[in-house]
1. Set the Förster distance to 35 Å, then compute FRET efficiency between Gln229 and Lys98 from the Cβ-Cβ distance, nearest 0.05.
2. Springs between alpha-carbon pairs under 10 angstrom, Gaussian network model over the chain: which of Val77, Val49, Val18 fluctuates most?
3. Say a site is exposed when it is one of the GluC sites (Glu not before Pro), sits in a DSSP loop, and has at most 12 other Cβ atoms within 10 Å; what is then the longest site-free stretch of the chain?
4. Do the sum for the chain: with -39,500 (n - 2.57) for every DSSP H run of n ≥ 4, divided by all residues, what is the mean residue ellipticity at 222 nm, to the nearest 500 deg cm²/dmol?
5. Determine which residues of region 26-54 fall in the zone a paramagnetic label at Ala182 would reach in this model, i.e. backbone nitrogen under 18 Å from the point 7 Å along Cα→Cβ.
6. Output the pairs from Lys56/Lys98; Lys39/Lys103; Lys78/Lys108; Lys152/Lys174 with a Cα-Cα distance over 18 Å in this structure; if there are none, say none.
7. Can you grab the distance from the C-alpha centre of region 156-192 to the C-alpha centre of region 88-145, Å, no decimals?
8. Residue separation times 0.36 nm, minus the C-alpha to C-alpha distance between Arg25 and Thr241: what's the value?
Amino acid sequence: MIKAADISEQTLPRHIVVVMDGNGRWANKRLLPRAAGHKAGVNATRSIVENCASHKIEALTIFAFSSENWNRPQAEVKSLMSLFVSTITAEVKKLHKKNVCVKFIGDKTRFSDKLQNSINTSELLTENNTGLQLNIAANYGGRWDIMQASRKLYCDLQKTNADIDSIDEDALDKYLSLSHLAAPDLFIRTGGEQRISNFLIWQLAYTELYFVDTLWPDFSDDDFSEALQWYAGRQRRFGKTGQQIAEQGA
Ligand code: FPP
């Protein structure tokens with residue numbers, strides 16, 4: 001097995017995004033409540049954050065709770081909310097020590113005051129950190145992101161009486177949740193499903209998509225290395241031909 005440390009810096013992704021799927025099935029297999037699967041998932045989340053930080057990957061964006069996850073049984077939603085508060089409270093100081101900058105993306109207004117407070121506290125504590133940029137998508141949906149960006153752009157255009165022709169892709173991009181970062185290079189989804197599930201639909205236009213059957217709580221350092229290894233073998237063409245890319249690299 002080639003370790004992530006052996007992959008050359010040039011072929012490492014700068015920005016990784018992850019759909020951490022399979023917590024429920026991991027718990028079901030062990031006859032445990034789904035909440036136990038989410039709790040076990042936190043360990044895998046901690047590991048990938050540490051792996052990204054130690055490999056000097058610039059940004060990691062993880063899908064913790066989608067805008068559609070509110071439709072899950074109330075008991076599961078409740079247990080996820082309290083897991084978020086306890087995890088943020090327990091982890092944020094350690095993340096701060098590791099120079100990680102934490103940011104939440106999504107509509108935070110639907111969360112309890114307690115959760116909003118821990119989100120704000122963690123963002124404030126880590127905002128000047130210069131290491132890994134950790135984005136936690138919570139009550140996030142890609143369609144919501146495009147909608148909120150369009151609304152803000154529309155308001156600003158009205159204020160300045162700007163012409164409709166001033167709207168181009170870059171103009172809208174500036175209002176999206178991850179406008180401060182380069183587009184994701186590598187998308188990882190665990191749990192065997194091969195879909196994007198309304199995550200970062202604008203930003204994933206040219207991202208390399210990697211799907212693995214491993215359930216999220218079982219996603220190990222070796223699984224992460226394998227994903228990086230797979231990514232290192234991809235030729236990123238961005239609409240050009242393979243020959244053009246090969247000539248550029250020559
Ligand atoms: C999807 O698996 C997982 C989630 C909806 C929750 C993921 C959250 C964590 C791992 C906690 C991370 C905590 C913080 C604070 C970042 P699923 O329940 O859909 O699994 P299934 O497909 O097997 O049912």
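1. Values: r = 24 Å, r/R0 = 0.70.
After rounding to 0.05, the efficiency reads 0.90.
2. Its mean-square fluctuation being the largest, the pick is Val77.
3. Details: sites that count: Glu68, Glu127.
Value returned for the longest uninterrupted segment is 128-250.
4. Values: 8 runs with 110 residues, N = 250.
Helix-only estimate at 222 nm: -14000 deg cm²/dmol.
5. The answer is 52-54, whose backbone nitrogens lie closer than 18 Å to the label point.
6. On the way: Lys56/Lys98 11 Å; Lys39/Lys103 21 Å; Lys78/Lys108 16 Å; Lys152/Lys174 10 Å.
Result: Lys39/Lys103 exceed 18 Å.
7. What the calculation gives is 20 Å, centre to centre.
8. Working: separation 216, 0.36 × 216 = 77.76 nm, distance 4.09 nm.
That pair, Arg25 and Thr241, stretches by 73.7 nm at full extension.
Quick note: the coordinates plus some simple rules give every number you see, no bench work behind them. Please read all numbers here as calculations on a predicted model, not as lab measurements. Virtual Cβ from ideal backbone geometry, glycine too; neighbours counted across all protein chains shown.
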